[in-house]
Amino acid sequence: MTALPPSPVASTPIVLDPTGTDIPGEAIRLRERGRLVRVELPAGVQAWAVTDPALLEELFVDSRVSKDAAQHWPAFIAGEISADWPLIAWVSVRNMLTAYGEDHQRLRRLIGPAFTARRVTALRPQVERISTELLDDLAARPADAVIDLREEYAAQVPLQVISALMGVPADLQPGLRQCIDEIFSTSPQRDPQETFADMVGILGTLVARRRAEPGEDMTSLLIGHRDENEDRLTEEELVHTLLLVISAGFETTVNLLGQAIYQLLTRPELLPQLRAGTLSWSHLIEETLRYAPPVANLPLRYAITDIDVDDQRIEAGEAIITSIAAANRSLALHGPDADEFDPSRTTKEHRSFGYGTHYCLGAPLARLEAEIALPALFERFPDLALAVAPEELKPLSSFISQGHQSLPVFMSAQPEAAADR
C-alpha cells in the first residue's frame, strides 16, 4: 500500500521534554498540532501521539493496535531499542500492560478478582485506618515544622494500601519505592537496566517469602495460580505482574493526591465550597484527574498494519504514545475553558484511567483512597498551607508521571501568615 505523503507540520516531531518541566503547556501544543502528532521520545525514538479522546477510544479498541513490543514493534525486535533506554521497562515487561489479544485476557482474568467493587469497598476501613494513623503522626510534629506532604502523606497512603493488598513487608517497601520512582522518570538518575534488575530482584524476594508463608494477599493468590498450573502464568509473568500492580497502584495515586492537595492549597475559594457541601469531593477528584492526570503520557502501542487517520497514516510497526494530558483538555469535550481547573464544570470526562480492554483495574481503588484521604487531611488540618511559593515547587522529571517532587507545607497557620490575612 502506497504511503500517504506527510504534511510539513506532521513531519516535524515535537520532542517530548524528558524533564517534565511544563506538561500542561506541552499538552496544549500537542492538542493544537492535531489529533495525531509525530513526537520524539528519548534517544530519538519516533512515535505518534494520540491527543484526541475520540481517536484514543477508536484506536484502543482496534485489533490492529497492539501493546506487545516483542510481537509488533520491529525496532524492538531488531534490537534497535537499547537496554538502557529510559522507557525500556515500559516495553520489555511481560504482563497485562504489554500483552495482546488472548494473552492480555488471560492475565487480566487472574488480577480482576482482586479489584471487584465488593473487594474495593471492603478495603474502606483499612484505608481509613491508614489515613488516620498517618494524620495522627503529623499532628504530633512541632507546629512550626515544614512537612513534605507528598512524602509523608500523599505517598504513604497508597504505599501502605497497595503493600497490604499485595502482602509487601515493610523492609521491601523502600527499595520498591526507589525503583518505581526511577521507572516512571524519563530522566532517570541511574541505569534503567540496573533499576529493572533491582525491581525484579526485590519482587523475587517477595515471591519467595509468600511461597514459604502464603497469606490472604494478592501475591499469594497469584503464586497459587502459577504453581497449580504453569500454563496459566509463567514465573516471569508472575513477577512482572507484581511489578505492574504495585507500581501502578502507588505512583498514580500519590500523584492524584498530591495534585488535588496542590489545587486546594492554591485555590482558597474551593475549601469553603467543599465544607458547605456546594462542591463535592468526588467532583474535585474527577476534575483533578482530568486537569492534571497522574500519568500524562502513556507508552507504548504499535500498529500491526497500516492505519489511516484523517490525512495521515500510521504505518505498520510504528509506535504510538497516548497523550492523556492533551486528550483530557479536548476543546470539543470541555469547551474554550478546557485549560482551566473548574471542579464545578458539567462534563469532567477524562481518559486518565485509559479506555477499552486496558482500562485500569485499580481505578476504583484510587478513587476510594482519594475520597477518604483528602477530606480526612483537610478536616484534621483546616489551616494547611504551602510553605513555599507555588512557583518554587519542582515537577517530577518525567513526561509520564505528572506530579511534584515535594510538597512542603505548614500543617497549621503560622503567626506571620495569620497576620498577613
Rounded, prolate or oblate: pick one for the stretch 119-240, where a ≥ b ≥ c are the square roots of the eigenvalues of its C-alpha gyration tensor, a/c under 1.5 means rounded, and failing that, prolate if a/b is larger than b/c, else oblate. oblate
One would report the antiparallel percent of DSSP beta bridges in the chain, rounded to the nearest 5, as 80 percent
Given the convex hull of the Cα atoms of the stretch 309-366, what is a quarter of its surface area in nm²? 6.0 nm²
Scalar couplings 3J(HN,Hα) for the stretch 32-38 by Karplus 6.51 cos²θ - 1.76 cosθ + 1.60 (θ = phi - 60°), nearest whole Hz, x for Gly and Pro, are 5, 6, x, 6, 9, 10, 6
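Which of the GluC sites (Glu not before Pro) found in the stretch 324-390 are loop residues per DSSP with 12 or fewer other Cβ atoms within 10 Å of their Cβ?
Here the GluC sites (Glu not before Pro) that fit, given the DSSP loop and packing criteria, are Glu340.
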Rg to Rh, two decimals, where the stretch 194-316 supplies the alpha carbon set and Rh follows Kirkwood: 1.14
So which GluC sites (Glu not before Pro) in the stretch 207-280 are both in a DSSP loop and have at most 14 other Cβ atoms within 10 Å of their Cβ? Glu216, Glu230, Glu269
When the convex hull of its Cα atoms is projected in every direction, mean area for the chain (nm²): 21.2 nm²
Which ³J(HN,Hα) values, rounded to whole Hz and listed in residue order, are derived for the stretch 110-126 from phi using the Karplus coefficients 6.51, -1.76 and 1.60 in 6.51 cos²θ - 1.76 cosθ + 1.60 with θ = phi - 60°, glycine and proline given as x? 6, 8, x, x, 6, 10, 5, 4, 5, 5, 5, 4, 5, 7, 3, x, 5
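Taking the highest mean first, how do the peptides 327-335, 122-130 order by number of other beta carbon atoms within 10 angstrom per residue? Write out the running numbers ahead of the final one.
Working: 327-335: 19.0, 122-130: 15.3.
The most tightly packed comes first, giving 327-335, 122-130.
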Volume per residue of the C-alpha convex hull in the stretch 273-421, rounded to whole Å³: 157 Å³
Between Asp103 and Thr278, what's the calculated FRET efficiency when r is the beta-carbon distance and R0 is 56 Å? Round to 0.05. 0.70
Alpha-carbon centroids, the stretch 303-369 and the stretch 196-242: separation in whole Å: 32 Å
Between Gln178 and Glu391, the two model label points (7 Å from Cα along the beta-carbon direction) sit apart by a distance in nm of 3.6 nm
Here D for the stretch 236-305, in µm²/s, from Stokes-Einstein with a Kirkwood Rh over Cα pairs at 4 °C and 1.567 mPa s, works out to 90 µm²/s
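Where the convex hull is taken over the Cα atoms of the stretch 132-185, what is its projected area averaged over directions, in nm²?
Computed as one quarter of the Cα hull surface, the answer is 4.5 nm².
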Highest-fluctuation residue, Ala89, Ala296, Ala139 considered, GNM on the chain with Cα pairs under 10 Å: Ala139
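Among 399-408, 74-83, 351-360, how do they line up from the highest to the lowest mean number of other beta-carbon atoms within 10 Å? Spell out each step's value before the answer.
On the way: 399-408: 22.6, 74-83: 13.5, 351-360: 17.9.
With the highest mean Cβ count within 10 Å placed first, the list reads 399-408, 351-360, 74-83.
Read the figures in this text as sums done on the coordinates, not as results from a lab. Keep in mind that this is a model prediction, so the values were computed, not measured. As a convention, Cβ positions derive from the backbone with ideal geometry for all residues, glycine included, and neighbour counts pool all protein chains shown.
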